[in-house]
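Note sheet for the following structure.
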Amino acid sequence: MVGASVRIESLRGAQFHAISPADAGRPAAAPERKAQDRKELRMTSTAHFILYVEDQERSTRFHATVLATAPRLDVPGMTEFALPGGAVLGLMPEASIVRLLGPALPDPAAARGVPRAELYLLVPDPAAYHARAIAAGARELSPLRSRSWGHVAAYSIDPDGHVIAFAAEDVAKQR
């Protein structure tokens with residue numbers, strides 16, 4: 001979005017500060033002016049992350065198996081899984097988003113198989129989740145190992161081409 005500035009203070013109770021396009025590119029105003037000129041917006045509900053999928057039923061089975069949970073919503077055109085921390089993972093058929101938004105949106109099917117998103121999940125046992133993903137049809141990209149940012153993580157790619165990482169704090173690096 002042109003001229004927009006977003007600051008997120010935390011996942012819960014995130015605060016967004018909108019800057020009008022007329023103010024884009026101007027030097028930052030003094031704090032007193034900023035408080036008067038900006039409109040504060042607050043997220044009032046859950047954050048939804050929606051992945052566009054080729055086959056909703058196949059993707060629903062895959063994610064239900066990997067996440068070891070049933071969807072909270074499963075209707076034609078949208079499947080939703082509750083994620084820890086209050087977020088929601090949505091699965092929407094590529095054809096549905098094209099019908100919804102029309103020709104203004106490039107067809108997601110044109111990028112099928114090209115990684116378009118990464119789902120990075122902190123879980124208690126990343127090796128077990130990763131193994132479930134592989135058994136459910138994902139392809140391993142990188143086995144579980146220590147990462148430079150303080151996690152152990154394993155990466156795979158789901159049948160729709162989305163990267164999935166299962167991670168946990170690297171207790172060896174905390175010592």
Over segment 144-175, the set of residues closer than 22 Å to residue 112 by Cα and of a type in the set (A, V, I, L, M, F, W, C) is 157, 163, 164, 165
Of (1) under 19 Å from the mean Cα position of the chain (by Cα); (2) in a loop (DSSP other than H, G, I, E, B), residue 60 fails just (2)
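Just checking, which of 109, 135 is touching a helix residue (DSSP H, G or I) at 6+ places or on another chain (Cβ under 9 Å) and closer than 27 Å to residue 170 by Cβ?
Step by step, each of 109, 135 is checked, and only 135 is touching a helix residue (DSSP H, G or I) at 6+ places or on another chain (Cβ under 9 Å) and closer than 27 Å to residue 170 by Cβ.
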Within segment 74-95, residues among the aliphatic types (A, V, I, L, M) and either surrounded by 12 or more Cβ atoms within 10 Å (Cβ to Cβ) or in contact (Cβ under 8 Å) with a residue 40 or more places away in the chain (or both) come out as 78, 82, 83, 87, 88, 89, 91, 92, 95
Turns out the strands (runs of 3 or more DSSP E) fully within segment 117-175 with at least 3 residues that are in the same structural domain as residue 85 (by TED's automatic domain parsing) and hydroxyl-bearing (Ser, Thr, Tyr) are none
A careful count of residues in segment 69-102 that are touching a helix residue (DSSP H, G or I) at 6+ places or on another chain (Cβ under 9 Å), modelled with pLDDT under 95 and not in a helix (DSSP H, G or I) gives 1
Within segment 112-134, of all residues that are in contact (Cβ under 8 Å) with a residue 12 or more places away in the chain and among the small types (Gly, Ala, Ser), the one surrounded by the fewest Cβ atoms within 10 Å (Cβ to Cβ) is 113
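The values are calculated or read from the model by the stated rules, or taken from the named source; none is laboratory data. Keep in mind it's a predicted model, so treat the numbers as computed, not measured. Quick reminder, even Gly has a Cβ in these numbers, built from the backbone with ideal geometry, and neighbours come from all protein chains shown.
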